[in-house]
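So the structure is just underneath, and the comments pick up after that.
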Amino acid sequence: DGGITQSPKYLFRKEGQNVTLSCEQNLNHDAMYWYRQDPGQGLRLIYYSQIVNDFQKGDIAEGYSVSREKKESFPLTVTSAQKNPTAFYLCASSGSGDNEQFFGPGTRLTVL
Amino acid sequence: QQQVKQSPQSLIVQKGGISIINCAYENTAFDYFPWYQQFPGKGPALLIAIRPDVSEKKEGRFTISFNKSAKQFSLHIMDSQPGDSATYFCAASPLDLYDKVIFGPGTSLSVIP
């Protein structure tokens, strides 16, 4: 089955710690995205990547970092510089020239 | 100009009724308008999408109506069912810039028996 996997489903972190969220896709999509979703709010773009070894900041990139070393993988690191990291994080991908974004099941991060 | 506005924020509809969610945009470069459906604890999934060369698109009980001159589009869910209870996001993007999708803030729909 083709799709996007995110792990872990739930993640707890102490203040001051960095944490990395995993996102893997086997859809052979070129573009991948990270969104943050807060309760009652829409999706805000953190970072996106159109091709391997290239990525761009979205609307709320401060306190986050990404890498795109493989087409299938786009991990997101939430650093200690992110002041309010508790949220639901969604990874998505899309094919070249295709507007439809396919979303993973999300990771709920809670900072204790 | 990049914003997509969506209303209402929440909606309660009786089973069998019609659910209507409205969106508006400013950027005239937008020419792809999808709707995503998200169930609690899950990622959103594409429900239906429209391009501005048509004024309406229907898929089963779901219909998008599009008014290019008013820069508005809406989702109608006919014969709403409890299983339709979810959060719905409208979105917009330029067709040739597939990484520039702008999402609305979402509408939480509850369909009660």
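Within the shell defined by Cβ-Cβ distances under 14 Å, the residues around B:Val4 carry a net charge of +1, with Lys and Arg each +1 and Asp and Glu each -1.
Per residue, the convex hull spanned by the Cα atoms of chain A measures out at 97 cubic angstrom.
Residue-normalised convex hull volume from the C-alpha trace of chain B: 94 Å³ per residue.
In summary, the lysines within cross-link reach of B:Lys42, defined as a Cα separation below 24 angstrom excluding same-chain residues under 8 places away, comprise A:Lys9, A:Lys71, B:Lys5, B:Lys15, B:Lys100. With N counted as the residues of the stretch A:73-112, its alpha-carbon radius of gyration over 2.2 N^0.38 Å works out to 1.45. Using only side-chain charges placed at the Cβ, +1 for Lys and Arg and -1 for Asp and Glu, the dipole size of chain B relative to its Cα centre rounds to 180 debye. Once the convex hull of all Cα atoms in the protein assembly as shown is built, its volume per residue stands at 124 Å³.
Normalising the average separation of contacting C-alpha pairs (under 8 angstrom, six or more residues apart) by the number of residues puts the relative contact order of chain A at 35 percent.
Distance between the pseudo-spin-label points of A:Ile51 and B:Ile12 (7 Å out from Cα toward the beta carbon): 5.3 nm. Label-to-label distance, B:Ile20 versus A:Arg13, with points set 7 angstrom from Cα along the beta-carbon direction: 4.4 nm.
Every read-out reported here was derived from the displayed coordinates using simple, explicitly stated rules and does not represent laboratory data. Worth saying up front: this structure is predicted, and the values here are computed from it rather than measured. We place every Cβ from the backbone using ideal geometry, glycine too, and count neighbours over all the protein chains shown.
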